[in-house]
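Novice: There's a structure below that I have some questions on.
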Protein chains: 2
Amino acid sequence: MAQLRQTGPSDTERKPMNTGQDLDAILQAASDAKTAFRRQEPRTRYAQLAAIADRLDSEADALVAMAMEESHLPEGRLRGELKRTTVQLRLFAEEVLRGDFVDARIDQPDPDFGTGPRPDLRRMKTPLGVVLNFSASNFPFAFSVAGGDTASALAAGCPVIVKAHQGHTRLSEMTAAIVSDALQDTGAPEGTFALITGREAGVEALKDDRVDAASFTGSVSAGLLLAGIAADRPRPIPFYGELGSINPVFVTESAVASRGKDVIEGFAGSFTLGNGQFCTKPGLLFLPAGHGLDETLVEKCRSIRTGQLLTDSITSSFGERTRSLEADLPGRVLVQTVQIQGCPQPGVMKVDFPTFLENVKNISTEVFGPFAVIVEYTDPAQLLEAARHLEGSLTAVVHAEKEESENLRDLVALLQDKAGRVLFNDWPTGVSVTPAQHHGGPFPATTNPLHTAVGTAAVERFLRPVAFQNVPEDLLPEPLRTANPWGIPQKVSTPGESAAWGRSLAGR
Amino acid sequence: MAQLRQTGPSDTERKPMNTGQDLDAILQAASDAKTAFRRQEPRTRYAQLAAIADRLDSEADALVAMAMEESHLPEGRLRGELKRTTVQLRLFAEEVLRGDFVDARIDQPDPDFGTGPRPDLRRMKTPLGVVLNFSASNFPFAFSVAGGDTASALAAGCPVIVKAHQGHTRLSEMTAAIVSDALQDTGAPEGTFALITGREAGVEALKDDRVDAASFTGSVSAGLLLAGIAADRPRPIPFYGELGSINPVFVTESAVASRGKDVIEGFAGSFTLGNGQFCTKPGLLFLPAGHGLDETLVEKCRSIRTGQLLTDSITSSFGERTRSLEADLPGRVLVQTVQIQGCPQPGVMKVDFPTFLENVKNISTEVFGPFAVIVEYTDPAQLLEAARHLEGSLTAVVHAEKEESENLRDLVALLQDKAGRVLFNDWPTGVSVTPAQHHGGPFPATTNPLHTAVGTAAVERFLRPVAFQNVPEDLLPEPLRTANPWGIPQKVSTPGESAAWGRSLAGR
């Protein structure tokens, strides 16, 4: 039996929600909760998400103290992240009330439709079912127990099982108890939420037929392993993995000429932010040869004191990867990464363009921690060539002067195929949680380039369309009823406007 | 080298589009066409899709004659299907002009946004890249060379490579020549469209890094094989497979009492339509024991004369599956399927409920051709039990009286999890191509339950989001420019309305 931790509520008098049970019971309870949770109306779900946010806010001191102890991250960062987490929960609560993501469509019957009569046809997005979320190491709040994946899955109407990250299990239990209490007090069915711990329990749950979708943030190797399990089940399920990303930055000669120092200092600040443990960390910087900015970079890096990495295994991987790059790559170590009191300090290597091309896979594989590689190019055309050789990233940045637009058109068009977000004269760390955000990208940045893990569109990962043909009003889900009791926005196609469209006589 | 057929234009004077080339050249041309094709404006793409439709219509006589010869389907059906195909192309052309699927979103900068300043952030759906479509056997027009997958991928702005179905290669070549000509005359870049033939070429193309997505309609075994290839590439790609579906029909006692004869005759008509070779063929009918409709069914089935199946291999598989079911299942053969002049005639078996439960996998696995199984239940609660045991289907049907709604609530809720489309007192064959259509469903109906193969939403399979942060107006794709030169609908978030939303100080 997999190792499971209790997720009991803080008040021991109360009936706990999925606590002290075995994995099978947790899975069964989540599966049993599906229909009842789906049927709850938007204002109930709004209240559930808002209650989670409120209680996390009111327990902030205790949560942040525990997070500091387990993650080694500083208090300011963790308070900011918790704020982001609760703002995010309220944002998804508002999306539920708004109801746009339900994408309700009603085709009115049309006897003279194209090539044949059109029936009464109604379509909406319905919750996918039980969602299994694998927590991230690097966001103990925002992408863990009550983070974006959980918030968006609950907003979609899916029961959630969270696999705690081993880097912060006690914080995960504290958070889970708060989430469970809040859901229970706002009328969510038993089984709507549960926490499991242990790698083995996570894998077992992913294989279980009662799980309908999974999301993951972590390494390429672990992500591919889990993606394979999700695909090889007797019933394969959608798997949303956010894996590795090098997040390249392309700097033109003009940008160096007009504000080289700013660019270098911005770069050093961004790749060392959060001790270099952000998914959007810019790990690769293309600079024109002869930039004369080595000294600036060295100085800036030496002025930054990074803290302890999230876990011992991350610290040891960081040491191995950086040592091997420094030893194997024919380039110059600009800033040697050293450990100060167990905290790896920033490191930077510099290679020329031919070296980059010869070692592109190695150089463009993410190093998790405060390390980056600078590639010096000798011809602006090499920027395009470099981009062609790169795999997918969450982000890609161009630093250039506005007058250069004409020369950059092809590069920006290519980066659109290589990244989920393209930035101009900005840094990729710092991800807005907004309608226009896209935190995704081609493989290996994610395993499914059609979806985002951040922003309001993240809810779409946990919804699937379903259509109803000639179904009586009282058997239709509320969002598709003509009476529209929940006030969900409905797109209606009237017979007139669809005159040009067709219906097969023969069917499919 | 894989076997490739020429896809030359009808007029041999003209420069052909990807003809007589080897697979590598076809893949390279498609890849090279990506950026130029994506940049073409909506009215150009509208003209391209409309031109394909116009030319197919004007070549209808020759196309239908060839299709009759290769598919054994009757003229009326094929003319209807070709009509559906061209209506579908025009429908997607209109979607391109409308521009909703681009889902353009603009977040205006907001210095006081939640927990930090919000940048100028713009997001749209961009073409996924080169799409490889595997044609279907059962729709030589509507789901083959110029069918729904091709129409929706071109509408999305993706170059398309079609793998011809071996059952209608000459028709595929004729169609491909028409499509190529139409695209060439309306200014599509060279490489936008190509046809390949041969299983080996299809697999080779699917493994090639220049292909970015694939769609498939066919058997579970072939679909899973291809899905595995798409997932195991060094760069996995989205794969949209429509595989097998049993499409269960649940009939209540009241429905039998009030209109049993109609239900039975409707069922016989639907499961034998197109010789039982539709994806939505109802293959499983649940009837209350003692329905007294055996004679009606036998009579109706004997009055239907089905034609030759699509290919020899389909005919032989049909014979094997039906013989094995008739021999192995402890049930009664109601209508024995016999071959008349090489055409397998309708067959029906009847089993009791315990037999169904003991053989659920075998009974609910699609038989491609005019064959169905009737399950007699003795307790209405068994309908719910049966539904729980079924895998995913494209459709599920309930025949009941309107007064029974209260008793059917749980069944309809469960079917919503088991099917892509739920019908009431209707038959699943006959699929409208409309905004509210959903032709998809849980595995094994499809490999990706979030998407549809029919209806306007089919275009979403071939688009991925991309965001732009602080990118200057002239480097933005047209749909995201403030000037909006293409008139694409843009959803704008102003600073005021987003006051409650958050941005992390620390980034991600």
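Just so you know, all these numbers are worked out from the coordinates, no wet-lab data involved. Only a predicted model underlies this, so the values are computations on that prediction, with no experimental measurement involved. When we count neighbours, we look across all protein chains shown, and the Cβ atoms used for this are built from the backbone with ideal geometry, even at glycine.
Novice: Sort largest first and round to whole Å: the equivalent ellipsoid semi-axes of the stretch A:215-357, each the square root of five times a Cα gyration tensor eigenvalue. Walk me through the numbers on the way to the answer.
Specialist: Details: eigenvalues 202, 71, 43 Å².
So the equivalent ellipsoid measures 32, 19, 15 Å along its semi-axes.
Novice: Further question: Could you grab the Rg to Rh ratio for the protein assembly as shown? Cα atoms only, Kirkwood for Rh.
Specialist: On the way: Rg = 28.9 Å, Rh = 29.6 Å.
Answer for the protein assembly as shown: 0.98.
Novice: Taking every pair of Cα atoms in chain B, average 1/r, invert it to obtain the Kirkwood radius, and report Rg/Rh to two decimals.
Specialist: 1.02
Novice: As I understand it, the dipole of the stretch A:248-424 uses +1 on the Cβ of Lys and Arg and -1 on the Cβ of Asp and Glu, about the Cα centre. Which of A:PHE278, A:VAL249, A:LEU415 lies farthest toward its positive end?
Specialist: A:PHE278
Novice: Then there is this: Could you give me the ³J(HN,Hα) list for the stretch A:160-174, computed from phi with Karplus coefficients 6.51, -1.76, 1.60 and θ = phi - 60°, whole Hz, x at Gly and Pro?
Specialist: Karplus-based 3J(HN,Hα) across the stretch A:160-174 equals 10, 10, 9, 8, 5, 7, 5, x, 8, 6, 6, 4, 4, 5, 4 Hz.
Novice: Follow-up. So, with +1 on the Cβ of K and R and -1 on the Cβ of D and E, and no other charges, what is the size of the charge dipole of the stretch A:248-424 about its Cα centre, to the nearest 20 debye?
Specialist: Here the stretch A:248-424 has a charge dipole of around 560 debye.
Novice: Sort B:177-185, A:286-294 for me by packing, meaning the mean count of neighbouring Cβ atoms within 10 Å per residue, highest on top. Before the final figure, lay out each step's value.
Specialist: Working: B:177-185: 22.7, A:286-294: 17.6.
The densest-packed peptide leads the list: B:177-185, A:286-294.
Novice: Counting alpha carbon pairs within less than 8 Å and at least 6 residues apart, what relative contact order, in whole percent, applies to the stretch B:248-424?
Specialist: Worked out over the stretch B:248-424, it gives 28 percent.
Novice: So, in the stretch B:248-424, how many Lys pairs have Cα atoms under 19 Å apart, if the pair is 8 or more places apart or on different chains?
Specialist: For the stretch B:248-424, the number of qualifying lysine pairs is 10.
Novice: With point charges of +1 on the Cβ of Lys and Arg and -1 on the Cβ of Asp and Glu, referenced to the Cα centre of chain A, which listed residue (A:VAL131, A:LEU383, A:ALA36) lies farthest in the positive direction of the dipole?
Specialist: A:ALA36
Novice: Something else now. Quick query: amide H of A:SER432 versus all other amide H atoms, modeled in the peptide plane; which residues come in under 5 Å with a sequence gap of 5 or more or a different chain?
Specialist: none
Novice: Right, something else. What does DSSP give for the stretch B:248-424 in terms of the percent of beta bridges that are antiparallel, rounded to the nearest 5?
Specialist: 20 percent
Novice: Something else about it: Please get the size of the charge dipole for chain B, origin at its Cα centre, with Cβ charges of +1 on Lys and Arg and -1 on Asp and Glu, quoted in debye to the nearest 20. Walk me through the intermediate numbers first.
Specialist: Working: 49 positive and 63 negative charges, 141 e Å.
Here chain B has a charge dipole of around 680 debye.
Novice: A further question on this structure: What are the ³J(HN,Hα) values, in whole Hz, obtained from phi via the Karplus relation 6.51 cos²θ - 1.76 cosθ + 1.60 with θ = phi - 60°, for each residue of the stretch B:210-220 in sequence order, with x given for Gly and Pro?
Specialist: 7, 8, 10, 6, 9, 10, 8, 10, x, 7, 4
Novice: Defining the label point at 7 Å along Cα→Cβ, can you sort the distances from A:ASP262 to the same site in each other copy, shortest first, in nm?
Specialist: 7.5
Novice: About its Cα centre, what dipole magnitude does the protein assembly as shown give when the only charges are +1 on Lys and Arg Cβ and -1 on Asp and Glu Cβ, stated in debye to the nearest 20? Let's see the in-between values first.
Specialist: Details: 98 positive and 126 negative charges, 31 e Å.
In total the dipole reaches around 140 debye.
Novice: So, in nm, how far is label B:LEU97 from label A:SER58 when the simple model puts each one 7 Å beyond its Cα toward the Cβ?
Specialist: That separation, rounded to one decimal, is 5.7 nm.
Novice: Quick check: the distance between the Cα centres of the stretch A:263-284 and the stretch A:187-262, to the nearest angstrom?
Specialist: Result: 21 Å between the Cα centres.
Novice: Follow-up question, since we're still on this one. Taking each label point as 7 Å beyond Cα in the direction of the beta carbon, state the distances from B:GLU320 to the same residue in the other copies, shortest first, in nm.
Specialist: 4.8
Novice: Which value at 222 nm does chain B reach when only helices count, each DSSP H run of 4 or more adding -39,500 (n - 2.57), with the total divided by all residues and rounded to the nearest 500 deg cm²/dmol?
Specialist: One gets -12500 deg cm²/dmol as the mean residue ellipticity at 222 nm.
Novice: Under the rule of at least 5 residues apart or a separate chain, name every residue whose amide H is placed under 5 Å from the amide H of B:ASP110.
Specialist: Correct list: B:ARG118.
Novice: Using only Cα atoms, what is the ratio of the radius of gyration of the stretch A:58-187 to 2.2 N^0.38 Å?
Specialist: Cα Rg divided by the expected 2.2 N^0.38 Å: 1.42.
Novice: Once the other residues with Cβ under 9 Å from the Cβ of A:GLU376 are scored (Lys, Arg +1; Asp, Glu -1), what is the net sum? Provide the component values of the computation, followed by the final result.
Specialist: Numbers: positive: A:LYS350; negative: A:ASP352.
Counting the neighbours of A:GLU376, the net charge comes to 0.
Novice: Let me ask another. Residues in the stretch B:278-319, backbone N under 11 Å from the label point at B:LYS261 (7 Å along the Cα-to-beta-carbon vector): list them, ranges by number please.
Specialist: B:296
Novice: Just going by the charge dipole of the protein assembly as shown, with Lys and Arg at +1 and Asp and Glu at -1 on Cβ, which of A:LEU287, A:LEU171, A:GLY99 is farthest out on the positive end?
Specialist: A:GLY99
Novice: Now for a different question. So what's the gap between the Cα centers of the stretch B:327-389 and the stretch A:348-371, to the nearest angstrom?
Specialist: One Cα centre to the other: 61 Å.
Novice: Next question, about the same structure. ³J(HN,Hα) across the stretch B:357-368 via Karplus (A = 6.51, B = -1.76, C = 1.60, θ = phi - 60°), whole Hz, x for Gly/Pro?
Specialist: The phi angles translate into 4, 6, 10, 4, 5, 5, 5, 9, 8, 3, 9, 7 Hz.
Novice: Which shape class, rounded, prolate or oblate, goes with the stretch A:387-508 when its Cα gyration tensor gives a ≥ b ≥ c as root eigenvalues, a/c under 1.5 marks rounded, and past that a/b bigger than b/c marks prolate?
Specialist: It comes out prolate by the Cα gyration axes.
Novice: Please state the shape class of the stretch B:107-146: rounded when a/c is under 1.5, otherwise prolate if a/b exceeds b/c and oblate if not, all from the C-alpha gyration tensor.
Specialist: Prolate, because a/c is 1.5 or more and a/b exceeds b/c.
Novice: Using amide H atoms built 1.01 Å from N in the peptide plane, name the residues 5+ places from B:LYS163, or on other chains, whose amide H lies under 5 Å from its own.
Specialist: Distant-sequence amide H within range of B:LYS163: B:ASN133, B:PHE134, B:SER135, B:ILE196.
Novice: Measuring from label point to label point, each 7 Å out along Cα→Cβ, what is the B:VAL492 to A:GLU473 span in nm?
Specialist: Result: 3.9 nm between the two label points.
Novice: Could you check the simple spin-label distance between A:LEU225 and A:THR365, using points 7 Å along Cα→Cβ, in nm with one decimal?
Specialist: 1.6 nm
Novice: Starting from the Cα-Cα distance between A:VAL203 and A:ARG233, subtract it from 0.36 nm times their residue separation and give me the gain in nm to one decimal.
Specialist: The span from A:VAL203 to A:ARG233 would gain 9.6 nm if fully extended.
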